[in-house]
Amino acid sequence: MRMSDQQTFLRDAMRRMNLTRDNFSDRIGVRKRALDTWLLPETSGEFRVMPDIVSKFVNEILAGESTKSPLTQSVYIARPDAPLREQISYNGKPQLLSVDQFSRDSLEQLFRVTDIMQPIARRQKVSRILEGAVLANLFFEASTRTRISFGAAFCRLGGSVCDTTGFTFSSMTKGESIYDTSRVISGYVDALVVRHPEQGAVDEFARATNIPVINGGDGPGEHPSQAILDLYTIQREFSRLGKLIDGAHIVMAGDLKYGRTVHSLIKLLALYRGLRFTLIAPPGLEMPAHILDRIARGGHVVEQSTSLAQGLKGADIVYATRIQKERFADEAIEGYTPDFQINQAMIDATCSADTIVMHPLPRDGRPGANDLSTDLNHDPRLAIFRQTDNGIPVRMAIFATLLGVENQVQHSMRDVSWRSPHHVGPDDAVFDGLD
Ligand code: NCD
């Protein structure tokens, strides 16, 4: 086994067996410390190569588990034969419009592809697997990270990117229909990422073409790639902390009515079992009823609150969101005072040492803003930059899957020839060896 395959192999085995690191090391009869060293990046001084006998033993366990009872089978291998892009297709096309396209199994297959992408995202390896392919990023609404990270992910696989931003410089200001725009651009490029202020508009783009279309956010509708990277982040954080997503307590706070990231994330989380959701929103900005019904039908517990101090207690994940003022129809934000801010004092008073604080970003960092405070920036519980970092391998995995090259990536990798830092940000060293 190549060294970079070792991490991917072990992570995938833990996911398929639905075991935490502690339980997995017990199951395969090795010390947790040894397992940790096998999971480290190769560049870490403490990285160790896993003995062959261990991989043989893990493979034997996985093969045995796959023949167990139907109940466990859905958690273990039970892979449908169809390529992943067919399993998640939208109206028979390789397009990503909604998280509803995923089952727990197909999501975990995508996470396996994401793990494979990590050495490229971390700038240890390069790949040209999408050489010659061109992506159009059509963003008709403000964006920084989504547009750049989709573009960077495509480039890191060897493709090229064309961007357009806003309506001002688009022919849509001349009355061009979505159908025409989509069909025309599809003649120029091999994939489209579209963000649009109206719910349903990205679907219209997708219907007018057969090339891969990815929803980069459609008004207050959905934002599937953000939810996938959020869930991938949760899974990695929980793996480090020895927790499982099944049974977790997830708190979502802020504008739950217009926040498309939380709409997609809560539906994805509902694929897991026995979750407890606490939804904290100011009056008038609660989670839409149709989403609440669906979560409740999945057997999860949903509590709603307007108080941060009450709702945050016992949270495994605190997912904060920005107030989407630009989408307000006739809502007022009275009652949404600065004491709604999630800051260091609030987290210290209500949460434990292993609570994880997340946000899709951007956050309003101005003093007194009703958002996630910047005073948590050096707190290791703040996972917002680990989320943004994970956006690259997740989006690479989405492109590779939709364009049908996900099984060739591993063999296409070469070592990088330039020098880059091991840790991108000043606080990342805290997690050296833990991810
Ligand atoms: C979000 C969005 O655009 O939906 N940002 C993002 O893509 N990460 C959240 C927001 O704008 O508040």
Checking the structure you have, find out if any residue of segment 355-363 is closer than 30 Å to Pro212 by Cα and hydrophobic (A, V, I, L, M, F, W, C).
yes
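Would you say Arg363 is within 24 Å of Gln124 (Cβ to Cβ) and either touching a strand residue (DSSP E or B) at 6+ places or on another chain (Cβ under 6 Å) or touching a residue at least 12 places away in the same chain (Cβ under 8 Å) (or both)? Walk me through how you get there before you give the answer.
Numbers: within 24 Å of Gln124 (Cβ to Cβ): no; either touching a strand residue (DSSP E or B) at 6+ places or on another chain (Cβ under 6 Å) or touching a residue at least 12 places away in the same chain (Cβ under 8 Å) (or both): yes.
No.
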Flag if Met252 is within 14 Å of the ligand (Cβ to nearest atom) and under 22 Å from Arg322 (Cβ atoms)
yes
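If you take the residues of segment 238-265 that are assigned to a helix (DSSP H, G or I) and among the small types (Gly, Ala, Ser), which of them is farthest from Met14 (Cα to Cα)? Full working, then the answer.
So the first thing to find is which residues in segment 238-265 are assigned to a helix (DSSP H, G or I), and the list is 238-241, 260-265.
Next, only the ones that are among the small types (Gly, Ala, Ser) stay: 239, 264.
Values: Ser239: 9, Ser264: 25 Å.
So the residue we want is Ser264.
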Residue by residue through segment 19-31, note down the ones that are surrounded by 15 or more Cβ atoms within 10 Å (Cβ to Cβ), over 25 Å from the mean Cα position of the chain (by Cα) and without any contact (Cβ under 8 Å) to a residue 24 or more places away in the chain.
Ser25
Is it fair to say Val134 is away from the ligand (no atom under 16 Å from the Cβ), at pLDDT 95 or above and among the β-branched types (Val, Ile, Thr)?
yes
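Looking at Leu268, is it assigned to a helix (DSSP H, G or I), touching a residue at least 40 places away in the same chain (Cβ under 8 Å), closer than 21 Å to Pro360 by Cβ and touching a helix residue (DSSP H, G or I) at 6+ places or on another chain (Cβ under 6 Å)?
On the way: assigned to a helix (DSSP H, G or I): yes; touching a residue at least 40 places away in the same chain (Cβ under 8 Å): yes; closer than 21 Å to Pro360 by Cβ: yes; touching a helix residue (DSSP H, G or I) at 6+ places or on another chain (Cβ under 6 Å): yes.
Criteria met by Leu268.
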Show me the strands (runs of 3 or more DSSP E) entirely contained within segment 301-389 in which 3 or more residues are away from the ligand (no atom under 15 Å from the Cβ), modelled with pLDDT of 95 or more and surrounded by fewer than 21 Cβ atoms within 10 Å (Cβ to Cβ).
301-305
Looking only at residues that are within 16 Å of the ligand (Cβ to nearest atom), farther than 18 Å from His249 by Cβ and of a type in the set (A, V, I, L, M) in segment 284-300, which one is surrounded by the fewest Cβ atoms within 10 Å (Cβ to Cβ)?
Ile291
With respect to the numbered conditions (1) outside any loop (DSSP other than H, G, I, E, B); (2) in contact (Cβ under 8 Å) with a residue 12 or more places away in the chain, which one is the sole condition not fulfilled by Ala296?
(2)
Among the numbered criteria (1) β-branched (Val, Ile, Thr); (2) in contact with a Phe, Trp or Tyr (Cβ under 8 Å, 6 or more places away or on another chain); (3) part of a helix (DSSP H, G or I), which one does Val193 miss?
(3)
Surrounded by 15 or more Cβ atoms within 10 Å (Cβ to Cβ), within 23 Å of Thr114 (Cα to Cα) and basic (Lys, Arg) - does that describe any residue in segment 390-413?
yes
Test: residue in segment 222-237 that is in a loop (DSSP other than H, G, I, E, B), of a type outside the set (Ser, Thr, Tyr), at pLDDT 95 or above and within 15 Å of the ligand (Cβ to nearest atom)
yes
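Yes/no matrix, rows are residues, columns are (1) of a type in the set (Ser, Thr, Tyr); (2) more than 20 Å from Ala142 (Cβ to Cβ):
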residue	(1), (2)
Thr164	yes, no
Pro224	no, no
Leu241	no, yes
Ile245	no, yes
For a quick check of your reading of the model, give me the residue pairs whose first member lies in segment 141-157 and is under 16 Å from Val202 (Cβ atoms) and more than 8 Å from the ligand (Cβ to nearest atom), whose second is of a type in the set (S, T, N, Q) and at pLDDT below 95, with beta-carbon atoms closer than 9 Å and at least 6 apart or on different chains.
Arg147/Thr165
Tell me, yes or no, whether segment 387-405 has at least one residue that is farther than 26 Å from Gly311 by Cα, in contact (Cβ under 8 Å) with a residue 60 or more places away in the chain, out of contact with any Phe, Trp or Tyr (no Cβ under 9 Å at 6 or more places or on another chain) and among the hydroxyl-bearing types (Ser, Thr, Tyr).
yes
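Residues checked against (1) over 21 Å from Arg395 (Cα atoms); (2) of a type outside the set (Ser, Thr, Tyr); (3) touching a residue at least 60 places away in the same chain (Cβ under 8 Å); (4) surrounded by 22 or more Cβ atoms within 10 Å (Cβ to Cβ):
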{"residue": "Met172", "(1), (2), (3), (4)": "yes, yes, no, no"}
{"residue": "Glu176", "(1), (2), (3), (4)": "yes, yes, no, no"}
{"residue": "Arg183", "(1), (2), (3), (4)": "yes, yes, no, no"}
{"residue": "Gln226", "(1), (2), (3), (4)": "no, yes, yes, yes"}
{"residue": "Leu229", "(1), (2), (3), (4)": "no, yes, yes, yes"}
{"residue": "Thr233", "(1), (2), (3), (4)": "no, no, yes, yes"}
{"residue": "Gly242", "(1), (2), (3), (4)": "yes, yes, yes, no"}
Among the listed residues Ala191, Ala248, identify the single one that is over 21 Å from Leu292 (Cα atoms) and either surrounded by 19 or more Cβ atoms within 10 Å (Cβ to Cβ) or modelled with pLDDT of 95 or more (or both).
Ala191
Return the total of residues in segment 344-358 being closer than 14 Å to Lys243 by Cβ and in contact (Cβ under 8 Å) with a residue 40 or more places away in the chain.
3
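The values are calculated or read from the model by the stated rules, or taken from the named source; none is laboratory data. None of these values were measured; they are calculated from a predicted model. Using ideal geometry, Cβ is built from the backbone for each residue, glycine included, and neighbour counts are taken over all protein chains shown.
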